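Encoded as structure tokens, the structure appears first; notes follow it.
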Amino acid sequence: MTVIDKIAWIHLDGGSVLSTRNRGIDVYYLPGGKREPGESDVQTLVREVREELGVGIAAGTARHLATFEAQAHGHPEGTTVRMACYTAAYEGTLMAGAEVEEYVWLTWADRDRVSPVDRLVFDHLRAHRLLT
């Protein structure tokens with residue numbers, strides 16, 4: 001079994017969660033990405049969010065929300081993504097980065113538009129009354 005190690009930023013606003021869609025991809029993903037060798041969770045979070053959305057994560061505010069595992073979207077059966085999710089404050093203005101086609105605010109009604117692991121996050125957020 002192959003495991004993809006990812007970190008994601010959970011940014012909520014008014015019952016919606018920030019999500020991104022990369023160019024040529026048909027589903028939305030929570031902002032974040034794969035860890036590079038030697039990076040901590042927070043270092044990965046800071047780097048990936050800067051690359052994808054052009055904002056600076058305030059590293060000292062990062063708080064682990066939960067970690068989720070599911071079949072990796074677009075990968076062969078048996079490839080799992082393990083995604084550690086963090087909340088954190090940020091500085092700057094959100095803007096789509098080089099590989100990001102768009103960023104959007106999604107609600108529970110959009111659950112079928114996200115990757116399998118993100119669906120687990122949506123379920124968690126909904127259960128804690130954070131996602132409308």
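The values are calculated or read from the model by the stated rules, or taken from the named source; none is laboratory data. Please read all numbers here as calculations on a predicted model, not as lab measurements. Neighbour counts run over all protein chains shown; Cβ positions are idealised from the backbone, glycine included.
Sort out which residues of region 6-46 are surrounded by 15 or more Cβ atoms within 10 Å (Cβ to Cβ), touching a residue at least 40 places away in the same chain (Cβ under 8 Å) and of a type in the set (Asp, Glu), and write them in order of number.
Across region 6-46, the qualifying residue is only Asp41.
Counting only residues that are outside any helix (DSSP H, G or I) and either among the hydrophobic types (A, V, I, L, M, F, W, C) or touching a strand residue (DSSP E or B) at 6+ places or on another chain (Cβ under 6 Å) (or both), how many does region 94-132 have?
Looking only at that region, the number is 17.
Restricting attention to region 19-58, report how many residues are touching a helix residue (DSSP H, G or I) at 6+ places or on another chain (Cβ under 8 Å), within 18 Å of Cys85 (Cβ to Cβ) and outside any helix (DSSP H, G or I).
14
Looking at region 1-13 only, could you name the residues that are assigned to a loop (DSSP other than H, G, I, E, B) and either closer than 13 Å to His73 by Cα or at pLDDT 95 or above (or both)?
Ile10, His11
Residues in region 52-65: is at least one modelled with pLDDT under 95 and closer than 25 Å to Thr2 by Cβ?
Looking through region 52-65, none of the residues is modelled with pLDDT under 95 and closer than 25 Å to Thr2 by Cβ.
Of the residues Ala84, Ala88, which is among the small types (Gly, Ala, Ser), in contact with a Leu (Cβ under 8 Å, 6 or more places away or on another chain) and in contact (Cβ under 8 Å) with a residue 40 or more places away in the chain? Show your work before the answer.
Working: Ala84 fails: in contact with a Leu (Cβ under 8 Å, 6 or more places away or on another chain).
Of Ala84, Ala88, the one residue that is among the small types (Gly, Ala, Ser), in contact with a Leu (Cβ under 8 Å, 6 or more places away or on another chain) and in contact (Cβ under 8 Å) with a residue 40 or more places away in the chain is Ala88.
Kindly indicate whether Gly97 is small (Gly, Ala, Ser), crowded, with 17+ Cβ neighbours inside 10 Å, in contact with a helix residue (DSSP H, G or I) (Cβ under 7 Å, 6 or more places away or on another chain) and under 24 Å from Val3 (Cβ atoms). Step through it out loud before you land on a result.
On the way: small (Gly, Ala, Ser): yes; crowded, with 17+ Cβ neighbours inside 10 Å: yes; in contact with a helix residue (DSSP H, G or I) (Cβ under 7 Å, 6 or more places away or on another chain): yes; under 24 Å from Val3 (Cβ atoms): no.
No; evaluated as a whole, the condition is false for this residue.
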